[in-house]
1. If I model a spin label at Tyr106 and Glu38 as a point 7 Å from the Cα along the Cα→Cβ vector, what separation in nanometres do I get?
2. Work out the charge dipole of the chain with +1 on the Cβ of Lys and Arg and -1 on the Cβ of Asp and Glu about the Cα centre, then indicate which of Thr108, Phe120, Val3 is farthest towards its positive end.
3. Which value, in debye to the nearest 20, describes the size of the charge dipole of the chain about its Cα centre when Lys and Arg Cβ atoms bear +1, Asp and Glu Cβ atoms bear -1, and nothing else is charged?
4. On a full-extension model of 0.36 nm per residue, what is the gain between Arg62 and Glu47, subtracting their alpha-carbon distance, rounded to one decimal in nm?
5. Just round it to a whole percent: the fraction of Cα-Cα distances in the chain exceeding 21 Å.
6. Measuring from label point to label point, each 7 Å out along Cα→Cβ, what is the Leu24 to Asp116 span in nm?
7. Going by C-beta contacts inside 10 Å, put His10, His90 in order with the fewest on the left.
8. For a quick check: sort Leu6, Leu39 by the number of other beta carbons within 10 angstrom, fewest at the front.
Amino acid sequence: MSVRCLLGIHKWSNWEYKEETSCLQIKKCQRCNKTQEELIHKWGEWEYKAQNSCIKIKKCYRCGERRERKPTMDKDHQYVTEYSRSNSCHYFRKECTRCGHTEEKYVTTPVHSWGDWVIFKDEKKAMRVCKHCGGVQTKELQEYLKKRSTYSNSWYR
Ligand SMILES: [Zn+2]
Ligand SMILES: [Zn+2]
Ligand SMILES: [Zn+2]
Ligand SMILES: [Zn+2]
């Protein structure tokens, strides 16, 4: 046996498939015949399992081995979000347009659906009303004019 092989420095052949139908690959040291095996799949892209499902699958296009991935995060679904309680801007209902999964969500900071600002010149105030919960926000007119561009009509998405 070669000294180098004893030191763990082998002269590996290229990886070769062991069988036609499996992804098990093998390489062999050309000096000491030591072998090493590894399973290396040729994965395709993740694809939806079914039209009305958010489960994705990928398949090895050599051996047909499959992997499944269940939706665990918001982005794995195609949610549309709307208010779930008529007089609160804290509660939302998310419904997935693909698989129909629904979830109710509470947010600590309310997400209002503000109407346009209304200016009260005499009182030197600006005010807007949430179209959903009726909540009111008032600002000093001066402050409102200064920061006007930063007040956008927010809508929860
Ligand atoms: Zn060797
Ligand atoms: Zn495979
Ligand atoms: Zn879904
Ligand atoms: Zn509101």
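1. Distance between the two pseudo-spin positions: 5.0 nm.
2. Result: Val3.
3. On the way: 33 positive and 20 negative charges, 103 e Å.
Dipole of the chain, to the nearest 20 debye: 500 debye.
4. Details: separation 15, 0.36 × 15 = 5.40 nm, distance 1.69 nm.
Once the chain is fully extended between Arg62 and Glu47, it gains 3.7 nm.
5. Working: 8554 of 12246 pairs.
For the chain, the share of Cα pairs beyond 21 Å comes to 70 percent.
6. Result: 7.4 nm between the two label points.
7. Numbers: His10 19, His90 15.
Listing His10, His90 from fewest to most nearby Cβ atoms yields His90, His10.
8. Arranged by neighbour count, lowest to highest, Leu6, Leu39 become Leu6, Leu39.
FYI, it's all coordinate maths here, none of it is from the lab. The structure displayed is predicted, hence computed values, not measured ones. Don't worry about glycine lacking a Cβ; one is built from the backbone with ideal geometry, like all the others, and counts go over all protein chains shown.
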